[in-house]
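The values are calculated or read from the model by the stated rules, or taken from the named source; none is laboratory data. Just so it is clear, the structure is predicted and the values come from calculations on it, not from any experiment. Cβ placement follows ideal geometry from the backbone for every residue including glycine, while neighbour counts extend to all protein chains displayed.
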Amino acid sequence: MATTLIRGGTVVTATGRSLADVLIDGETIRAVLAPGSELLGVDLAASVDRVIDATGKYVIPGGIDAHTHMELPFGGTAASDTFETGTRAAAWGGTTTIVDFAVQTYGQRVEDGLAAWHEKAAGSCAIDYGFHQIVGDVDEASLAALRGLADEGISSYKLFMAYPGVFYSDDAQILQAMQVAADTGLMTMMHAENGPAIDVLVRQLLEQGKRDPYFHGVARAWQMEEEATHRAIMLAHLTNAPLYVVHVSAKQAVAQLAAARDTGQNVFGETCPQYLYLSLEEQLGASSDEWGAFEGAKWVCSTPLRSKHEHHSDELWSALRTNDLQMVSTDHCPFCMKDQKELGRGDFSKIPNGIGGVEHRMDLLYQGVVDGQISLERWVEITATTPARMFGLYGRKGVIQAGADADIVVYDPKGHTSIGVGRTHHMNMDHSAWEGFEIDGHVDTVLSRGRVIVDDAQYLGRPGDGSFVKRGLSQYLV
Ligand code: DUC
Ligand code: ZN
Ligand code: ZN
Ligand code: ZN
């Protein structure tokens, strides 16, 4: 097995930073050593197969994006990144593990939905991957399948309070699924928006001739998110099920989570880069020769972008600092404008929902370090360590220590990254929601289980190198 020494860098973990060398033996980390250490009297640098010079750079655990939707069927089309293109883009951006959502659709068996997802991903991924299970049809058979999910290495499942007729679960279904989760230790993930009420607002807006992308955000008002978040918290409280709310965008939803946590309830929340950096007003103002006001479709996602006048993003950054929110995932769900987002021209409700971002999460959050929003250690914590702990990967992933997988990123704080199509952009999309973003840092080198897959501007990864990772129960359970 090849040996590698990452030498001279600052190793950053969730709990601190120090100058250290990292010795890798095959796929795992052998030791974290004082700089320039010898091992049994032998100069390490002279005896390993490869030396990576990380002088002046940060050595961090590879990013874990716990919320992606490769190839998700949605709105009559499917997310444009395959497992191959999506994991390649992730690797370029310093993410070395994704947890994607296997889908059970209406009328389908959970087991069949899961098997189909394994088939899509197997042999295609450049980095390791796990699955959560979307349960889109909660009935007796699905509840029975939930009981066996942890044995499959899938320790979390997701329900939707939105999207009636597609993925939607009503309160009776949620209650029953949570009872099973409380019994088995599964983490309940929730898309918390009041779908039936939103659908009425959507219909009324369309009837008034309000058809541009901006009205997607108007219909999906923050009250819809706050109410659903509160309801999910109450159902979780009643059933004693741990709850993880995905893509939190409204400050009022954060307040619901914070209040529940203050009472000792096991509830958690993630936000996404789009809610930290982008606003509904920017979406409204977007216009181009090619698309006119339909340009705003690039930022149609659910939960939606929020109004900057209400200062949601300030509250989200604050919640990331205070641990009212625990982590940041992308909800990577890319659609091209051409032939995909375009389906909703003249009717915002038909725009496939989603933003592609799996490639840029590490950079965008690093910019939060530069801007003084979070510390360097918190950056590592919310992008790698907590995702690992939250979803049963910790020890193997999310940390730089002896015995862990050698999933490592060498990050250059003096480097620079220009995001956009034709610049830094490897996702399978004809546009970028992040066009023009400039980052004061750069992903230099990426290792996935000891293999160098990104070597500055060179991509060395291969489809099939990534494996399915069986996850244990959340390490946040009490
Ligand atoms: N939100 C999105 O933006 N896309 C896919 C599903 C979802 O909930
Ligand atoms: Zn969602
Ligand atoms: Zn402000
Ligand atoms: Zn999602």
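Counting the residues of the stretch 147-170 that are among the aliphatic types (A, V, I, L, M) and farther than 18 Å from LEU114 by Cβ gives 3. Among the conditions (1) touching a residue at least 60 places away in the same chain (Cβ under 8 Å); (2) over 19 Å from MET327 (Cβ atoms); (3) crowded, with 20+ Cβ neighbours inside 10 Å; (4) charged (D, E, K, R), the only one that ARG231 does not satisfy is (3). For the stretch 81-103, the set of residues classified as crowded, with 23+ Cβ neighbours inside 10 Å and either in a loop (DSSP other than H, G, I, E, B) or assigned by TED's automatic domain parsing to the domain that holds ILE453 (or both) consists of ASP81, GLY93, GLY94, listed by residue number. Exactly one residue out of VAL22, VAL32, VAL51 is crowded, with 24+ Cβ neighbours inside 10 Å, touching a strand residue (DSSP E or B) at 6+ places or on another chain (Cβ under 8 Å) and not in a loop (DSSP other than H, G, I, E, B): that is VAL22. Take the conditions (1) under 30 Å from GLN173 (Cα atoms); (2) in contact with a helix residue (DSSP H, G or I) (Cβ under 8 Å, 6 or more places away or on another chain); (3) away from ligand 3 (no atom under 16 Å from the Cβ); LYS298 misses just one of them, which is (1). The residues of the stretch 326-365 that are more than 16 Å from ligand 2 (Cβ to nearest atom) and touching a strand residue (DSSP E or B) at 6+ places or on another chain (Cβ under 8 Å), listed by number, are GLN326, ASP339, GLN340, LEU343, GLU359, HIS360, ARG361, MET362, ASP363, LEU364, LEU365. Summed over the stretch 35-48, residues that are part of a loop (DSSP other than H, G, I, E, B) and not hydroxyl-bearing (Ser, Thr, Tyr) total 5. Among the residues of the stretch 228-251, those that are more than 20 Å from ILE134 (Cα to Cα) and more than 16 Å from ligand 3 (Cβ to nearest atom) comprise HIS230, MET234, HIS237, LEU238, ASN240. Taking the criterion of being within 16 Å of ligand 2 (Cβ to nearest atom), of a type in the set (Lys, Arg) and farther than 23 Å from LEU477 by Cβ, the only residue of the stretch 179-234 that qualifies is ARG220. From the list LYS251, LYS298, the lone residue that is more than 16 Å from ligand 4 (Cβ to nearest atom) and touching a strand residue (DSSP E or B) at 6+ places or on another chain (Cβ under 8 Å) is LYS298. Among the residues that make up the stretch 184-203, is at least one of them under 25 Å from THR68 (Cβ atoms) and in contact with a Gly (Cβ under 7 Å, 6 or more places away or on another chain)? No: zero hits.
Among residues of the stretch 1-15 that are within 17 Å of GLY62 (Cα to Cα), those with a beta-carbon under 9 Å from a residue that is polar (S, T, N, Q) and modelled with pLDDT under 95 at least six positions away or on a different chain give the pairs LEU5/SER47.
Scanning the stretch 299-326 for residues being under 17 Å from ASP262 (Cα atoms) and of a type in the set (Val, Ile, Thr) gives a total of 1. In the set (1) away from ligand 1 (no atom under 16 Å from the Cβ); (2) surrounded by fewer than 17 Cβ atoms within 10 Å (Cβ to Cβ); (3) under 24 Å from the mean Cα position of the chain (by Cα), the condition left unmet by VAL166 is number (1).
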